[in-house]
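Enquirer: Let me begin by handing over the structure; questions about it come next.
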Amino acid sequence: MKVFINPGHHVTLDSGAVNPVTGDREVDIAIECAELVERYLLAVGVECTVGQYNELYEICDASNAYEADLFVSIHCNACVSHQARGTETYYTSYNGQRLANCIQSQIVRSLPTIDRGAKNGNLYVLKHTEAVAVLVELAFIDNMEDLSLLKNSIDDFARAIARSVTDYQIS
Ligand SMILES: [Zn+2]
(Lines give C-alpha, C1' and ligand atoms only; values in the text may rest on other atoms or scores of the structure.)
Protein backbone atom coordinates (compact mmCIF):
# COMPACT_ATOMS: atom_id res chain seq x y z
CA MET A 1 0.00 0.00 0.00
CA LYS A 2 1.25 3.48 -0.92
CA VAL A 3 0.26 6.66 0.88
CA PHE A 4 0.60 10.17 -0.56
CA ILE A 5 0.81 12.75 2.22
CA ASN A 6 0.08 16.34 1.18
CA PRO A 7 0.80 19.19 3.56
CA GLY A 8 -1.68 21.84 2.43
CA HIS A 9 -0.73 25.17 0.82
CA HIS A 10 2.84 26.10 -0.21
CA VAL A 11 5.83 27.06 1.90
CA THR A 12 6.78 30.09 -0.20
CA LEU A 13 3.65 30.87 -2.23
CA ASP A 14 0.68 30.22 0.08
CA SER A 15 0.85 30.33 3.87
CA GLY A 16 -2.71 29.12 4.35
CA ALA A 17 -4.38 30.45 7.50
CA VAL A 18 -2.29 32.52 9.91
CA ASN A 19 -2.80 33.09 13.62
CA PRO A 20 -3.46 36.86 13.87
CA VAL A 21 -1.68 37.15 17.24
CA THR A 22 1.38 34.91 16.90
CA GLY A 23 1.82 34.78 13.12
CA ASP A 24 1.99 30.98 13.16
CA ARG A 25 1.33 29.71 9.63
CA GLU A 26 -0.84 26.77 8.62
CA VAL A 27 1.66 25.65 5.98
CA ASP A 28 4.50 25.23 8.50
CA ILE A 29 2.40 23.16 10.90
CA ALA A 30 1.11 21.03 8.00
CA ILE A 31 4.66 20.33 6.78
CA GLU A 32 5.88 19.42 10.25
CA CYS A 33 2.95 17.05 10.72
CA ALA A 34 3.29 15.50 7.25
CA GLU A 35 6.99 14.76 7.72
CA LEU A 36 6.26 13.09 11.07
CA VAL A 37 3.45 11.01 9.54
CA GLU A 38 5.90 9.92 6.82
CA ARG A 39 8.46 8.94 9.45
CA TYR A 40 5.96 6.89 11.47
CA LEU A 41 4.50 5.15 8.41
CA LEU A 42 7.97 4.26 7.10
CA ALA A 43 8.81 2.91 10.56
CA VAL A 44 5.98 0.38 10.27
CA GLY A 45 6.81 -0.49 6.67
CA VAL A 46 4.15 1.54 4.86
CA GLU A 47 5.42 2.99 1.59
CA CYS A 48 4.69 6.72 1.48
CA THR A 49 5.82 10.09 0.21
CA VAL A 50 5.25 13.75 1.08
CA GLY A 51 4.32 16.11 -1.74
CA GLN A 52 3.46 19.81 -1.61
CA TYR A 53 2.46 21.84 -4.67
CA ASN A 54 0.89 25.25 -5.05
CA GLU A 55 -1.70 24.27 -7.66
CA LEU A 56 -4.39 21.81 -6.67
CA TYR A 57 -4.17 19.96 -9.99
CA GLU A 58 -0.43 19.47 -9.41
CA ILE A 59 -1.15 17.82 -6.07
CA CYS A 60 -3.62 15.43 -7.70
CA ASP A 61 -1.31 14.72 -10.65
CA ALA A 62 1.54 13.89 -8.25
CA SER A 63 -0.61 11.57 -6.15
CA ASN A 64 -1.96 9.84 -9.25
CA ALA A 65 1.52 9.49 -10.80
CA TYR A 66 2.74 7.96 -7.53
CA GLU A 67 -0.18 5.52 -7.83
CA ALA A 68 -1.14 6.18 -4.24
CA ASP A 69 -3.71 3.92 -2.61
CA LEU A 70 -4.40 6.49 0.10
CA PHE A 71 -4.20 10.28 -0.12
CA VAL A 72 -4.06 12.33 3.08
CA SER A 73 -4.04 16.12 2.88
CA ILE A 74 -3.14 17.89 6.12
CA HIS A 75 -4.50 21.33 6.98
CA CYS A 76 -5.36 23.61 9.89
CA ASN A 77 -8.75 25.26 10.12
CA ALA A 78 -9.65 28.91 10.74
CA CYS A 79 -12.86 30.78 11.44
CA VAL A 80 -13.67 34.52 11.36
CA SER A 81 -14.72 34.49 15.03
CA HIS A 82 -11.41 32.91 16.14
CA GLN A 83 -13.63 31.00 18.60
CA ALA A 84 -14.13 27.71 16.77
CA ARG A 85 -12.15 24.69 17.94
CA GLY A 86 -11.74 21.04 17.06
CA THR A 87 -10.76 18.44 14.50
CA GLU A 88 -12.66 17.41 11.35
CA THR A 89 -11.86 15.19 8.37
CA TYR A 90 -13.37 15.44 4.89
CA TYR A 91 -14.02 12.65 2.39
CA THR A 92 -16.04 12.12 -0.77
CA SER A 93 -16.10 8.33 -1.26
CA TYR A 94 -17.31 5.38 0.80
CA ASN A 95 -13.75 4.22 1.51
CA GLY A 96 -12.73 7.82 2.12
CA GLN A 97 -15.38 7.92 4.83
CA ARG A 98 -13.89 4.75 6.37
CA LEU A 99 -10.41 6.32 6.43
CA ALA A 100 -11.81 9.65 7.72
CA ASN A 101 -13.56 7.79 10.56
CA CYS A 102 -10.28 6.04 11.47
CA ILE A 103 -8.47 9.41 11.54
CA GLN A 104 -11.13 11.14 13.64
CA SER A 105 -11.28 8.27 16.07
CA GLN A 106 -7.49 8.06 16.52
CA ILE A 107 -7.05 11.82 16.91
CA VAL A 108 -9.87 12.39 19.42
CA ARG A 109 -8.74 9.33 21.38
CA SER A 110 -5.17 10.62 21.79
CA LEU A 111 -5.62 14.41 22.00
CA PRO A 112 -7.83 16.75 24.04
CA THR A 113 -9.51 18.12 20.92
CA ILE A 114 -13.19 18.59 20.07
CA ASP A 115 -14.55 15.94 17.69
CA ARG A 116 -16.22 17.81 14.82
CA GLY A 117 -16.59 14.55 12.93
CA ALA A 118 -15.95 13.09 9.49
CA LYS A 119 -17.74 15.15 6.84
CA ASN A 120 -18.63 14.70 3.20
CA GLY A 121 -16.84 17.56 1.45
CA ASN A 122 -16.88 18.54 -2.20
CA LEU A 123 -13.16 19.41 -2.30
CA TYR A 124 -11.01 19.50 -5.45
CA VAL A 125 -8.19 17.32 -4.14
CA LEU A 126 -10.67 14.69 -2.95
CA LYS A 127 -12.51 14.55 -6.27
CA HIS A 128 -9.45 14.52 -8.56
CA THR A 129 -7.26 11.96 -6.82
CA GLU A 130 -7.64 8.31 -7.77
CA ALA A 131 -6.60 7.21 -4.27
CA VAL A 132 -8.94 6.82 -1.33
CA ALA A 133 -8.73 10.47 -0.29
CA VAL A 134 -9.24 12.48 2.88
CA LEU A 135 -8.43 16.00 4.05
CA VAL A 136 -7.88 16.44 7.77
CA GLU A 137 -8.25 19.80 9.50
CA LEU A 138 -6.12 19.13 12.58
CA ALA A 139 -7.40 22.05 14.69
CA PHE A 140 -8.10 25.80 14.41
CA ILE A 141 -4.84 27.71 14.03
CA ASP A 142 -6.54 31.05 14.77
CA ASN A 143 -7.85 29.88 18.17
CA MET A 144 -5.25 30.24 20.91
CA GLU A 145 -6.17 27.00 22.72
CA ASP A 146 -6.17 24.97 19.52
CA LEU A 147 -2.92 26.64 18.45
CA SER A 148 -1.19 25.54 21.63
CA LEU A 149 -2.41 22.00 20.97
CA LEU A 150 -0.97 22.18 17.44
CA LYS A 151 2.35 23.56 18.66
CA ASN A 152 2.77 21.29 21.69
CA SER A 153 1.22 18.08 20.40
CA ILE A 154 1.92 17.91 16.67
CA ASP A 155 3.75 14.65 17.24
CA ASP A 156 0.59 13.15 18.76
CA PHE A 157 -1.47 14.30 15.75
CA ALA A 158 1.08 12.66 13.44
CA ARG A 159 1.18 9.40 15.39
CA ALA A 160 -2.64 9.30 15.39
CA ILE A 161 -2.80 9.79 11.61
CA ALA A 162 -0.17 7.08 11.04
CA ARG A 163 -2.09 4.66 13.31
CA SER A 164 -5.31 5.43 11.45
CA VAL A 165 -3.70 4.33 8.19
CA THR A 166 -2.81 0.98 9.74
CA ASP A 167 -6.32 0.77 11.29
CA TYR A 168 -7.81 1.35 7.85
CA GLN A 169 -5.62 -1.37 6.35
CA ILE A 170 -6.91 -4.03 8.73
CA SER A 171 -10.56 -2.86 8.94
ZN1 LIG B 1 -5.70 24.81 4.51
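The values are calculated or read from the model by the stated rules, or taken from the named source; none is laboratory data. What you see is a predicted model; the values in this text were computed from it and never measured. Note: ideal-geometry Cβ built from the backbone for every residue, glycine included; neighbour counts use all protein chains shown. Each accessible area value is taken on the protein alone, full model and side chains, heavy atoms only, with ligands, DNA and RNA left out. Shrake-Rupley method; radii C 1.70, N 1.55, O 1.52, S 1.80 Å.
Enquirer: Hey, what D do you get for the chain in µm²/s if you plug the Kirkwood alpha-carbon radius into Stokes-Einstein at 20 °C and 1.002 mPa s?
Expert: Once the numbers are plugged in, D ends up at 138 µm²/s.
Enquirer: Carbon and sulfur together cover what percent of the accessible area of the chain at a 1.4 Å probe radius?
Expert: That share works out to 48 percent.
Enquirer: Whole number in Å², please: accessible area per residue of the chain, 1.4 Å probe, ligands, DNA and RNA not counted.
Expert: Value returned for the chain: 45 Å² of accessible area per residue.
Enquirer: Restricting to the chain, what percent of DSSP beta bridges are antiparallel, rounded to 5?
Expert: Given both bridge residues lie in the chain, the antiparallel proportion sits at roughly 20 percent.
Enquirer: Excluding residues fewer than 8 places away in the same chain, name every one of the lysines whose C-alpha is closer than 26 Å to that of LYS151.
Expert: LYS119
Enquirer: Taking the Cα of ARG39, stepping 7 Å toward and past its beta carbon, and measuring to each backbone N in the range 1-33: which are under 16 Å?
Expert: Inside the label zone: 29-33.
Enquirer: Would you mind calculating the relative contact order of the chain from Cα pairs under 8 angstrom and at least 6 residues apart, reporting the percent as a whole number?
Expert: Dividing the mean separation by the residue count of the chain yields 29 percent.
Enquirer: Ignoring everything except DSSP H segments at least 4 long, calculate the 222 nm mean residue ellipticity for the chain; use -39,500 (n - 2.57) per segment, divide by total residues, nearest 500.
Expert: Result for the chain, helices only: -14000 deg cm²/dmol.
Enquirer: Evaluate the distance, in nm, between pseudo-label points positioned 7 Å from the Cα of GLN169 and of ILE114 along their respective Cα→Cβ axes.
Expert: 3.4
Enquirer: Placing +1 at every Lys and Arg Cβ and -1 at every Asp and Glu Cβ, with all other atoms neutral, what dipole size does the range 1-121 have around its Cα centre, in debye to the nearest 20?
Expert: 560
Enquirer: Identify the GluC sites (Glu not before Pro) of the range 90-171 meeting these criteria: DSSP loop state and at most 15 other C-beta atoms within 10 Å of the C-beta.
Expert: GLU130
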